[in-house]
Structures are given as structure tokens and as C-alpha cells.
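Taking it in order: structure first as C-alpha cells, then the write-up.
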Amino acid sequence: MDFIRANWGTVSFGTAGADYASFSSGTAFSAVGNPAKLPLSSQKLDAAGTFGLLPSGESRSMVYGGGASVKLGRIGISAAYLGISHPEIQLSSAGGGASGRFSPNDMMVGLGLAVGIGDYLSLGAVGRYAGSALDAKTKLSSLSADVVAMFRKDALSISAGVVALGPKVESVSNRSYSLPSSARLGAAYVLSFGDFALDIMADADYYFSENLCIAAGIQAGYKDMVFLRTGMNVTTINDDFIATPVPSVIATGAGVKLFGVKLDLGVTLNALTGSALMASLGYAF
């Protein structure tokens, strides 16, 4: 279930996941990101659809989905759906002969709720269902939850929480595996220079498998209309050779926003797996 921890929002994708505490990424994908942003955000509604291409051996996996959030006073509600379609594989019968082809797929549904506490604090929670179909007969599923707190005052925002808490998943070989749970801390600070704004972001994710992922990113914006982004993260491998679910990448991205309509693009590069692309189209006010 590593895919439940990927950076599915396009802005998050283009900053290598450094935007956990940043409001530059909007709130459309809060139900698979940080729901605690909602009560402290200036946006009343944020919705977006997304499409991406991920490396998968010699081919590509396709990502598709959408998310939306609504702010009602001090309450924020969010929902998101994401699916991943992997390249077809050849199935074999018990006798070793070909028995057809199948496209493995993953899916995730998230629901988020957040409440503001005073002018500067908020608490948020996410419930998430995820499923994987490995072949026509083999399917796995999981339930998980996030609990997040956030502080925002002027240009500074800080967020901390525990992510992807849930029961173990039983594999087809009847072994139980823990979800990629972690403790996460993020911070962001916005510098303003007239029509220009610079959002500096950082994120640290300590996985309970004793792995660490550290990310840093930046977004430069002009008149809240044109945006350029970049970021990178560094991950570790523990003593049992288990890696973090999010690989080390260098990321870049861009976006435009006009009359509330947003178009964003993000690209990541990993030296071993190659490049990945994510794009989204949304509306916010």
C-alpha cells in the first residue's frame, strides 16, 4: 500500500512533497494530504481533476482522479478519489500456460474533516480506504487514518501529525505487513516583494519502519497568477533494506491561475526509475 503515501496533488508533486504546511498547494486534495489547512485557508471552495504518468518498468502507469474541499466557517470538509492503472501483465495457469492478460490497479478514497480553534490553530482528520487488484483473483484492501494539527500566523505556517495509521494488510502468502505510517512535520514561510511572492517549504517524515524522508521546496509567484516551483527530497533505507514509500526525487513544476481557474504541471526525476508527470485542472475561490 505504498501508493497511499505518494504526493498526488500536482503542486505537491512539483515540490517533491515539501508543501505539507504550505497553502500554495491549495486544498483540493486535502483528503489525501493535509486536511488541517482548510479552516485556516482563504479559499471557500477548491476542486481539481488530475492525470499523471508514472514509470513502471519499460512502460507507464496512469494516474487519474479528483478532489474537492469546502470551507464552512470554521469547519472544512474534503473528499478525494485516486486510481492507478498499471501496464498489462500476462497471466499463467496452474500448468504454466497462458491464461489471459490483466491490468493491475490501485485505488484510494479519502474523506477529511477539520475544525478551526481560534484564529491561528486547526485540527484535521482523514479516513482513507485503499485497494489493490494484483490479478483477476487477488485483491488487497486497507483502512487508514491521519490526525493533523496546524498553526498559521501571518507568513508562517507549521503542521504536525501522524499519517496512515491503520491495521496490517495480509498478503497473498498470508504474511502481515504494516502500512507506511509516519510522524510528519512541515513548515512554510512566505516572503513578499510587491507583486512577487516566494513560498519556502520544508518537510520531515519519520516512518515507523525507521526510515526518514526530508524534503525542501520553493514556489515563486507573480501577482498570484503565474507560478514556478522546484523541490527535492532525500530518503533512507533501514537495516532490513526497506525503503520509504516515496522515492528520492528532484522535482519542478509550473502553474497559471486566471479568474479562479487553475492549470498546474509537475515533473519529477529519479535516477533509477526515470521521470514522472502530473497535471491538474481546477477551480477555486
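Quick notes
Here's the yes/no breakdown for (1) part of a loop (DSSP other than H, G, I, E, B); (2) surrounded by 17 or more Cβ atoms within 10 Å (Cβ to Cβ); (3) more than 19 Å from the chain's Cα centre (by Cα); (4) on the phi > 0 side of the Ramachandran plot:
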position	(1), (2), (3), (4)
Asp46	no, yes, no, no
Gly49	no, no, no, no
Leu53	no, no, no, no
Val63	no, yes, no, no
Val70	no, no, no, no
Ile77	no, yes, no, no
Gly83	no, no, no, no
Leu91	no, no, yes, no
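- Count of the range 101-143 residues which are among the small types (Gly, Ala, Ser), over 14 Å from Val169 (Cα atoms) and in a strand (DSSP E or B): 8
- Looking across the range 161-179, the residues that are in a strand (DSSP E or B) and surrounded by 18 or more Cβ atoms within 10 Å (Cβ to Cβ) come down to Gly161, Val163, Ala164, Val169.
- When the residues of the range 217-246 are filtered to those that are under 18 Å from Arg184 (Cα atoms) and buried (at least 18 other Cβ atoms within 10 Å of the Cβ), the one that is modelled with the lowest pLDDT is Thr244.
- Those residues of the range 247-278 which are surrounded by fewer than 21 Cβ atoms within 10 Å (Cβ to Cβ) and over 28 Å from Tyr206 (Cα atoms), in sequence order: Ala254, Val256, Lys257, Leu258, Phe259, Gly260, Val261, Leu263
Okay, residues lined up against (1) of a type in the set (A, V, I, L, M, F, W, C); (2) under 14 Å from Val226 (Cα atoms); (3) touching a strand residue (DSSP E or B) at 6+ places or on another chain (Cβ under 7 Å):
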| site | (1), (2), (3) |
| --- | --- |
| Pro247 | no, no, yes |
| Lys262 | no, yes, yes |
| Leu265 | yes, yes, yes |
| Asn270 | no, no, no |
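- Only residues that are farther than 19 Å from Ser209 by Cα and in contact (Cβ under 8 Å) with a residue 12 or more places away in the chain were counted across the range 148-195, and they come to 20.
- Filtered residue count, the range 180-202, keeping only those that are in a loop (DSSP other than H, G, I, E, B) and either of a type in the set (S, T, N, Q) or loosely packed, with under 13 Cβ neighbours inside 10 Å (or both): 3
- Residue within the range 16-23 that is more than 24 Å from Asn211 (Cα to Cα) and surrounded by fewer than 24 Cβ atoms within 10 Å (Cβ to Cβ) present: yes
- Search result, residues across the range 161-179 that are out of contact with any Lys or Arg (no Cβ under 7 Å at 6 or more places or on another chain) and under 21 Å from Gly76 (Cβ atoms): Val162, Leu165
- Complete set of residues in the range 129-150 that are more than 16 Å from the chain's Cα centre (by Cα) and buried (at least 18 other Cβ atoms within 10 Å of the Cβ): Ser132, Ser142, Met150
- Put simply, of Val126, Val109, Val115 the only residue that is under 26 Å from Gly76 (Cβ atoms), among the hydrophobic types (A, V, I, L, M, F, W, C), modelled with pLDDT of 90 or more and more than 19 Å from the chain's Cα centre (by Cα) is Val115.
A quick yes/no check of all residues on (1) at pLDDT 95 or above; (2) more than 23 Å from Thr268 (Cα to Cα); (3) in contact with a strand residue (DSSP E or B) (Cβ under 6 Å, 6 or more places away or on another chain):
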residue: Asp2; (1), (2), (3): no, no, no
residue: Ala6; (1), (2), (3): no, no, no
residue: Tyr20; (1), (2), (3): yes, no, yes
residue: Leu38; (1), (2), (3): yes, yes, yes
residue: Asp46; (1), (2), (3): yes, yes, yes
residue: Leu54; (1), (2), (3): no, no, yes
residue: Val63; (1), (2), (3): yes, no, yes
residue: Ala68; (1), (2), (3): yes, yes, yes
residue: Ser78; (1), (2), (3): yes, yes, yes
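- Taking the range 204-285 as the region of interest, the strands (runs of 3 or more DSSP E) fully inside it that hold 1 or more residues being closer than 21 Å to Tyr64 by Cβ are 250-258, 261-270, 274-284.
The values are calculated or read from the model by the stated rules, or taken from the named source; none is laboratory data. Predicted model, so just to flag it, every value in this text is computed and none were measured. Neighbour counts run over all protein chains shown; Cβ positions are idealised from the backbone, glycine included.
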